[in-house]
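Participant: Questions regarding the structure given below will be posed in turn.
The values are calculated or read from the model by the stated rules, or taken from the named source; none is laboratory data. The shown structure was predicted, so the numbers you read here are calculated from the model rather than taken from an experiment. Here the Cβ positions follow ideal geometry from the backbone for every residue, glycine too, while neighbour counts run over all protein chains shown. When the accessible area is computed, the model is the full protein with side chains, heavy atoms only, and any ligands, DNA or RNA have been set aside. Shrake-Rupley method; radii C 1.70, N 1.55, O 1.52, S 1.80 Å.
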Amino acid sequence: MEMIDRYIYAVTQRLPEQQRAEIKQELQGLIEDMLEERAPAGQASREDAESVLQELGHPNALAAQYRGFDRYLIGPLIFDPYLTTLKIVLISVGIALTALFAIEAIVKPQEILEHFTSYLVSLFSAGAQSFCWVTLIFAWIGYRQQQNSTGPDGMNKDWKPADLPPIPDMHTQIKMSEPIAGIIFTVLFTVLCLYSIDLLGIWRVSDGGRTVIPFLNADVFQGYLPLIWILAALGILKESMSIIVRKRTGKMLALHIMVSVATSVLVCVILADPAIWNSHFIQQAEAAGILSPGGEGYDTIISMWNRVSEWMITVIGLFTVLDILSESYKWYRVKASAG
Amino acid sequence: MADVNETINGLLSELRRGTIVIGVLSQLSEPQYGYSLVTVLEEKGVAVDAGTLYPLLRRLEKQELLESTWDTNEARPRKYYLLSPFGKEVYEGLCREWRKLIISMEGIMGETEGGERYGDD
């Protein structure tokens, strides 16, 4: 009977591939047995079949019984931090894009309609992208938690009361504002890179309007966008972990250092490419009247511009070291006060 | 207020869930297929849904309490389950524990019943 096949399909389809064939055969036998009890002649009616399937219950419930456990993409343990992160990311994407739109509208007011269309489009595409990335990151975190624990729901079987974490006091706790600020910064940075890298430059306001002399070559920079995505994912991964753990631990410090080092290495890789810089920067600055040959500091600026990669890489390296030192210090203070 | 019968039924089905395993193991010193087991248990007053029993049989097999063979000689191929030596040992252990449980529960319930009804001390 076709209805029975449909039922069996609905059950087995939700089960692991290698069990399907056997459970299908088992269910077929069972349903035939149950039908036979209702209509001995083997002439079961449609109503008989329906009542048998009713008795077996909803195919999803039966499949769940066979599986014996529930499966999640985002488990209940990390669902709340997931929602928090998602909200922060989506809101900051909205704010960042709106701010960019406002700036663009001020810089080139005559193209406002065009800006508005692209604003709506990017609002949608960036929203979808962020949703996808946050979900991926949390799915991965949840998967790792499941791998590391023997019991279900991320709980360890050999649990000892001594393992209980101390009640967090204000010192050990990571303030919610830190990861939130981190996410907002990451999103702002990413949105800027993705949509309006040419806004990063020297702004010149004159009577005729506003001009921006960009530092970077937008076309070459386009090629580095995949790296920007990796940077964003790393940043949000780190902040998500902070929101989940909410504590300064050795592991969190290690993660922070790893992400910081990886981030600065990636940024330096991008900046070390000579083609990334706007090669017409000096000419454009001269044309705009910001720089004049022979003027005060002209030579200094030229020589600085020629060594801008080195300067930036040095600055980024310094910042990374400072950041790692300050995070380590905060962690050390927490550890010292706990011990 | 919640319905008394409804609450009792809910709690009872929780109590029954654990006893089904003992019921199943008790009937499998001879090979049986799933649906015959449903009928046998029902006759003996232990009602169990086929939708609960079939997955349970697979689980018990995975835990190595049961062994299974497919019988394809009959008109309809059937999977027969049989208690493994390990399962037999587990079943006997469970029976011992069950009897102890009955004794302690009887003791507990006897106390309160006696106390309430006759007020003896």
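Participant: Any idea which residue in the stretch B:68-87 is nearest to B:Q32 (Cα to Cα), counting only those that are away from every other protein chain (no Cβ under 14 Å) and touching a helix residue (DSSP H, G or I) at 6+ places or on another chain (Cβ under 7 Å)?
Facilitator: To start, the set of residues in the stretch B:68-87 that are away from every other protein chain (no Cβ under 14 Å) comprises B:82-87.
Within this subset, residues satisfying the condition of being touching a helix residue (DSSP H, G or I) at 6+ places or on another chain (Cβ under 7 Å) are B:83, B:87.
Working: B:L83: 10, B:G87: 15 Å.
The qualifying residue nearest to B:Q32 (Cα to Cα) is B:L83.
Participant: Considering only residues of the stretch A:121-157 that are outside any helix (DSSP H, G or I) and either open to solvent by less than 60 Å² (accessible area, probe 1.4 Å) or among the hydroxyl-bearing types (S, T, Y) (or both), which is modelled with the highest pLDDT?
Facilitator: Of everything passing the filter in the stretch A:121-157, A:S149 is modelled with the highest pLDDT.
Participant: I need the full set of residues from the stretch A:158-185 which are at pLDDT 80 or above, open to solvent by 20 Å² or more (accessible area, probe 1.4 Å) and of a type in the set (V, I, T), in order please.
Facilitator: If the condition is that a residue be at pLDDT 80 or above, open to solvent by 20 Å² or more (accessible area, probe 1.4 Å) and of a type in the set (V, I, T), then A:I180, A:I184 are the ones that fit.
Participant: Inside the stretch B:45-67, can you point out the residues that are touching a residue at least 12 places away in the same chain (Cβ under 8 Å) and either facing chain A (nearest Cβ under 10 Å) or over 18 Å from A:M34 (Cα atoms) (or both)?
Facilitator: B:A50, B:T52, B:L53, B:Y54, B:L56, B:L57, B:L60, B:E61, B:E64, B:L65, B:L66, B:E67 - these are the residues of the stretch B:45-67 that are touching a residue at least 12 places away in the same chain (Cβ under 8 Å) and either facing chain A (nearest Cβ under 10 Å) or over 18 Å from A:M34 (Cα atoms) (or both).
Participant: Does A:L15 satisfy the condition of being farther than 26 Å from B:A75 by Cα and either exposed (fewer than 13 other Cβ atoms within 10 Å of the Cβ) or modelled with pLDDT of 85 or more (or both)?
Facilitator: Details: farther than 26 Å from B:A75 by Cα: yes; either exposed (fewer than 13 other Cβ atoms within 10 Å of the Cβ) or modelled with pLDDT of 85 or more (or both): yes.
When the stated conditions are applied, A:L15 passes them.
Participant: Among A:E2, A:E37, A:E32, which is the only one that is more than 44 Å from the chain's Cα centre (by Cα), free of Cβ contacts under 8 Å to residues at least 24 places away in the same chain and away from chain B (no Cβ under 14 Å)?
Facilitator: After ruling out the rest, the residue left standing is A:E2.
Participant: Continuing with this model, one more query. Looking for something within 27 Å of the chain's Cα centre (by Cα), in contact (Cβ under 8 Å) with a residue 24 or more places away in the chain and closer than 24 Å to A:Y195 by Cβ - is there at least one such residue anywhere in the stretch A:306-322?
Facilitator: yes
Participant: Got a sec? Which of A:E50, A:E26, A:E22 is surrounded by fewer than 17 Cβ atoms within 10 Å (Cβ to Cβ), under 22 Å from B:R76 (Cβ atoms) and within 14 Å of chain B (Cβ to nearest Cβ)?
Facilitator: Matching residue, one of A:E50, A:E26, A:E22: A:E22.
Participant: Give me the helices (runs of 4 or more DSSP H) completely within the stretch B:1-74, filtered to those with at least 3 residues that are open to solvent by 40 Å² or more (accessible area, probe 1.4 Å) and farther than 20 Å from A:Q28 by Cβ, ordered by residue number.
Facilitator: On the way: elements: B:4-26, B:34-43, B:50-62.
Of the helices (runs of 4 or more DSSP H) lying wholly inside the stretch B:1-74, those with at least 3 residues that are open to solvent by 40 Å² or more (accessible area, probe 1.4 Å) and farther than 20 Å from A:Q28 by Cβ span B:4-26.
Participant: Let me ask something else about it. Can you find a residue in the stretch A:220-238 that is modelled with pLDDT of 85 or more, open to solvent by less than 40 Å² (accessible area, probe 1.4 Å) and farther than 30 Å from A:I78 by Cβ?
Facilitator: Among the residues of the stretch A:220-238, at least one is modelled with pLDDT of 85 or more, open to solvent by less than 40 Å² (accessible area, probe 1.4 Å) and farther than 30 Å from A:I78 by Cβ, which makes the answer yes.
Participant: Assuming A:A61 fulfils every condition listed in (1) in contact (Cβ under 8 Å) with a residue 12 or more places away in the chain; (2) farther than 24 Å from B:T69 by Cα; (3) surrounded by fewer than 16 Cβ atoms within 10 Å (Cβ to Cβ) apart from one, which condition is it?
Facilitator: (1)
Participant: Where residues in the stretch A:66-107 are open to solvent by less than 70 Å² (accessible area, probe 1.4 Å) and of a type in the set (S, T, Y), which of them is farthest from the other protein chains (Cβ to nearest Cβ)?
Facilitator: For the stretch A:66-107, the residue satisfying everything is A:T98.
Participant: Related question: Kindly evaluate B:E97 against the criterion of being of a type in the set (D, E, K, R), over 30 Å from A:Q54 (Cα atoms) and more than 13 Å from the chain's Cα centre (by Cα).
Facilitator: Judged against the criteria, B:E97 is a match.
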